[in-house]
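Have a look at the structure below, then the notes.
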Amino acid sequence: MSTPKQKKYKGFSSLAIHAGQHPDPMYAHLTPIYASSTYVFDDAEQGMRRFAGQESGYIYSRWGNPTMNEAEEKIAAMETYGLEKNGEQLQAKAILHASGMAAISSLFLATLKRGDKILTQYSLYSGTQDLMRSILDPLEVETIVIDLADLDLAEKHLKEDASIRMIYLETPANPTLQCVDLESLGALAKKYGKLSACDNTFATPYLQQPFRFGIDFIVHSTTKFLNGHGTAIGGVLVGTDIEFMKTRATKTHRLLGGNSNGFEAFLLINGMKTLEVRMQRHCDNAMKIAEYLEAHQAVEKVNYNGLSSHPDYALSKKQMSHAGAMMSFELKGGYDAGVKFMNALQLCTRAVSLGTCDTLLSHPASMSNANMSPALRLKSGISDGLIRMSVGMENIEDIMDDFEQALK
Ligand SMILES: *Cc1c(COP(=O)(O)O)cnc(C)c1O
């Protein structure tokens, strides 16, 4: 389904609550969970018209269904909220996927072919790095990894290597909360005729809209803050080239088969309605915890882009409305201190993933990045005593109490 014209909403939550919802034939208040693999044709001619694209309507749920459609329209609306192109509301189309990785796979396979290269940064979601290494490399789609904070170096690559087809960004990135300059890199991509894509999972469209800076594609793991409750895996690919999204991107998604489903789309829709209020609470808590940790004697360093001590403080202020709720911090005692701290937590949850109501903490050196070579680990900013945290929405006093006892 294509994106309908966006109504003018004065605020983000109004849009997040209402966008994408269509009147239900049975007058259900909320879009129901459409648990139907296939859709009925009144007659053979209608089937022909739907297949030919002459009549809109559903055919088969791998291709789309009404619950998935509401989630897609909501996300496209949020990522384009308040953005204009030539004096008109900017349009985007979103395709919901089974996971963030499915959306990223569709992005790469829809846009790249043998011999093409991706230019990207060191700090990327580990699954994305592995996808590039284990799946794209054997298909002869090579990845060039550089420090994208060095804009001159980025430009040199874009200028000199004609086979670079896409610049792939993630900001803020795991686990150092390093930010890359969306405006400058988006402009460089345009200047040299390259595609640009950004993983906007950590920020969500409430805090950062990459389309504002001319980025072509956005991907999300909707599993995280968009869903917000840790109830479903999901992903989305969003693009402003509507024609490309309707043709090549849609075809790739349908053929790879990484489709979502009615139930998980329903959970996502209802999670997204409260994105603004949730993010405000997440962010308030994050700022307080970051300041507390920065002053704590057991802590060597806090990586939070909302602190003026973070190298990307100014950049994140420029392109985000708030620094978000992800951070990491280094404990003075290294690996052992990391393990000990994790074991001492009583309220906060030991788990990977992020963006849930509860505060989640993980110890990358012993968990998610344990099988990475120590050298690459350090290059990615993961020291032995590093703790990664997704700050939740508990009352801040309780999070502080738990930290106070666990850091003793
Ligand atoms: C979790 C995550 C992904 C992968 O998403 P899944 O839903 O787990 O497939 C991609 N990028 C970032 C930044 C993530 O945090």
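The values are calculated or read from the model by the stated rules, or taken from the named source; none is laboratory data. Nothing here was measured: the structure is a model prediction, and the numbers come from that model. Cβ: placed from backbone, ideal geometry, glycine included. Neighbour counts: every protein chain shown.
Before moving on, here are some points about what is shown:
- Within region 10-22, the presence of at least one residue that is in a loop (DSSP other than H, G, I, E, B) and loosely packed, with under 12 Cβ neighbours inside 10 Å is confirmed.
- Looking only at residues of region 92-147 that are within 14 Å of the chain's Cα centre (by Cα) and in a strand (DSSP E or B), we find that the one that is nearest to Val352 (Cα to Cα) is His97.
- Among (1) farther than 20 Å from Asp24 by Cα; (2) surrounded by 13 or more Cβ atoms within 10 Å (Cβ to Cβ), the one test that Gly64 misses: (1)
Residue by residue, here is whether (1) more than 16 Å from the ligand (Cβ to nearest atom); (2) assigned by TED's automatic domain parsing to the domain that holds Cys198; (3) under 17 Å from Met101 (Cα atoms) holds:
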{"site": "Ser126", "(1), (2), (3)": "no, yes, yes"}
{"site": "Met132", "(1), (2), (3)": "no, yes, yes"}
{"site": "Asp137", "(1), (2), (3)": "yes, yes, yes"}
{"site": "Asp150", "(1), (2), (3)": "yes, yes, no"}
{"site": "Lys156", "(1), (2), (3)": "yes, yes, no"}
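- Members of region 226-273 that are surrounded by fewer than 18 Cβ atoms within 10 Å (Cβ to Cβ), among the aliphatic types (A, V, I, L, M), within 15 Å of Ala102 (Cβ to Cβ) and away from the ligand (no atom under 16 Å from the Cβ): Leu255
- Pairs, first surrounded by 14 or more Cβ atoms within 10 Å (Cβ to Cβ) in region 140-156, second of a type in the set (A, V, I, L, M) and assigned to a loop (DSSP other than H, G, I, E, B), C-beta under 7 Å, six or more apart: Val141/Leu112; Leu148/Val180; Ala149/Val180; Ala154/Leu148
- Note on region 354-408: residues that are of a type in the set (A, V, I, L, M) and at positive phi amount to 0.
- You will find that of Ala323, Ala290, Ala295, Ala286, the residue that is surrounded by fewer than 22 Cβ atoms within 10 Å (Cβ to Cβ) and either over 15 Å from Lys224 (Cα atoms) or without any contact (Cβ under 8 Å) to a residue 60 or more places away in the chain (or both) is Ala295 and no other.
- Residue list for region 274-283, restricted to those being aliphatic (A, V, I, L, M) and buried (at least 23 other Cβ atoms within 10 Å of the Cβ): Leu275, Met279
- Residue check, Ile59 out of contact with any Asp or Glu (no Cβ under 7 Å at 6 or more places or on another chain), touching a residue at least 12 places away in the same chain (Cβ under 8 Å), under 30 Å from Phe12 (Cα atoms) and surrounded by 13 or more Cβ atoms within 10 Å (Cβ to Cβ): no
- Residue match in region 71-81 (condition: more than 16 Å from the ligand (Cβ to nearest atom), outside any helix (DSSP H, G or I) and out of contact with any strand residue (DSSP E or B) (no Cβ under 8 Å at 6 or more places or on another chain)): yes
- Within region 373-383, the only residue that satisfies the criterion of being surrounded by fewer than 18 Cβ atoms within 10 Å (Cβ to Cβ) and part of a loop (DSSP other than H, G, I, E, B) is Ser373.
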